[in-house]
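Working notes, beginning with the structure itself.
The values are calculated or read from the model by the stated rules, or taken from the named source; none is laboratory data. Computed from a prediction, not measured in an experiment: that's the story for all the values here. Cβ placement follows ideal geometry from the backbone for every residue including glycine, while neighbour counts extend to all protein chains displayed. To get the accessible areas, we keep the full protein, side chains included, count just its heavy atoms, and leave off ligands, DNA and RNA. Shrake-Rupley method; radii C 1.70, N 1.55, O 1.52, S 1.80 Å.
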Amino acid sequence: MPHHLISLLKEGDAVQQFFLVRQSDSGTTKNGNPFLSLVLGDKSGTIVAKVWHDILEKFPGPFAVGDFVGVKGKVDSYKQELQINVKYLETEESIRSRGGDLSAFDPESLCQATPYDRDTLWQELWQLAETQIGPPLGELVLRVLDRYRQEFLVCPAALRYHHPYLGGLLEHTWFVTRHALASLTIYPELNRDLVLAGAMLHDLGKVKELANPQAPERTVPGHLLGHVVLGWEMVRSEAQAVGFPDPILLVQLEHIILSHHGSMEFGSPILPKTREALVVNFLDDLDAKLKMMSQHLESDTGAGEFTGYNRALQRDLYKGGPPAAGDPDSDRETGK
């Protein structure tokens, strides 16, 4: 049976194919029966899968994050979100050991990655740091980027909600930095070096918060400290190592990193108290929210003008109507 991309699955579809386990959580029903809740992935996205107790008795696993698994089941809907009701579940390793059929197993199709060329994104980010940020912040940013280059190239930006894939952090950072450049043309009174340095380093701590880029999971420091504090610590450590000459400028950069989530409710220990910090906070949120919207629109294949409800965004989304009058692309889109 050919692989059907998660982004194209719809309610009622039968599933018989391989996936990558992105998340695995055990639970117990109200009746005391154990069940398994998985987040399965392929290169197009992720979908929740439920393994109820009667299936677990037949296929007890274990099933860990990062495992490739063969799955049979049916796509249904729960609270307006698609999920797979699993009837068969076995790891690729188990299938291989018993001599089972792996002809349909293609690991490259199961690993989601940024659609952009990562080397190109990296070179553009590096050149922006070289040419657009003056000393001493530019030198500090280049030193930090150089130290964590390999991690930046593969690290996701999140476990699930936005850019949760190989190279996602680099993609997100590139977009936030480009937004920052555009904002500086509108608000030239802002400290250019601080805005760009903050845009490039605001999520630096993700490289220590997240591990296993193909199937992201939090590290122990990620669980206990979080990327906001980890990033602040990494930048401060690098600045101390080079004897950063302007302690007040450094504190302002650290403030951007610590406040970039915008509120204590969302994980920042301090509110943005400078214009530069506020800009990075909003641009970070803008890019994350736009990506979440794009991912949700791509994954919703149901009929109707609106998607199902997205719990993270706390709304459904309009899928778009016919081209607006006067739209220069309207003739091409309607085939006239």
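Note on the range 7-39 and the range 195-211: Cα centroid distance 32 Å, given to the nearest whole angstrom. Think of each Lys and Arg Cβ as +1 and each Asp and Glu Cβ as -1; about the Cα centre, that makes the dipole of the range 3-114 roughly 260 debye. For the range 73-168, trypsin sites (Lys or Arg not before Pro) are listed when DSSP marks them as loop and at most 12 other Cβ atoms sit within 10 Å of their Cβ; the list is K79, R98. Summing +1 for each Lys or Arg and -1 for each Asp or Glu among the other residues whose beta-carbon sits under 12 angstrom from that of A199 gives -3.
Please report, as a whole percent, how much of the solvent-accessible surface of the chain comes from carbon and sulfur atoms (probe radius 1.4 Å). On the chain, the fraction of accessible area on carbon and sulfur atoms equals 52 percent. Semi-axis lengths, largest first, of the ellipsoid equivalent to the range 166-233 are 28, 14, 6 Å, with √(5λ) applied to each eigenvalue of the Cα gyration tensor. Using helices alone, I'd like the mean residue ellipticity at 222 nm for the chain: each DSSP H run of four-plus residues gives -39500 (n - 2.57), total over residue count, nearest 500. About -13000 deg cm²/dmol.
Sort C111, C155 from largest to smallest accessible area, using a 1.4 Å probe on the heavy atoms of the protein chains. Please list the in-between numbers first.
Values: C111 30, C155 5 Å².
From most accessible down to least: C111, C155.
Within a straight-line Cα-Cα reach of under 16 Å, K58 can be paired with the following lysines, leaving aside sequence neighbours fewer than 8 residues apart in one chain: K50, K72, K87. Of the Cα atoms belonging to the chain, the radius of gyration and Dmax stand at 22.4, 67 Å. For Q23, the residues whose amide H sits under 5 Å from its own are V39, ignoring neighbours fewer than 5 places away on the same chain, with H placed 1.01 Å from N.
Accessible area of Y78 (1.4 Å probe, protein heavy atoms only, ligands and nucleic acids ignored): about 130 Å². In plain terms, the chain from D101 to A241 could stretch by 44.9 nm, reckoned as 0.36 nm per residue minus the Cα-Cα distance. Per residue, the accessible area of the range 112-229 comes to 42 Å² when a 1.4 Å probe rolls over the protein heavy atoms.
Charging the Cβ of each Asp and Glu at -1 and of each Lys and Arg at +1, and nothing else, the dipole of the range 55-161 about its Cα centre rounds to 440 debye. Estimated at the nearest 10 Å², the accessible area of D285 is 70 Å² with a 1.4 Å probe.
Looking at the range 246-300, the pairs of alpha carbons with a distance over 16 Å make up 48% of the total. Shape summary of the range 1-105, radius of gyration then Dmax from alpha carbon positions: 13.1, 40 Å.
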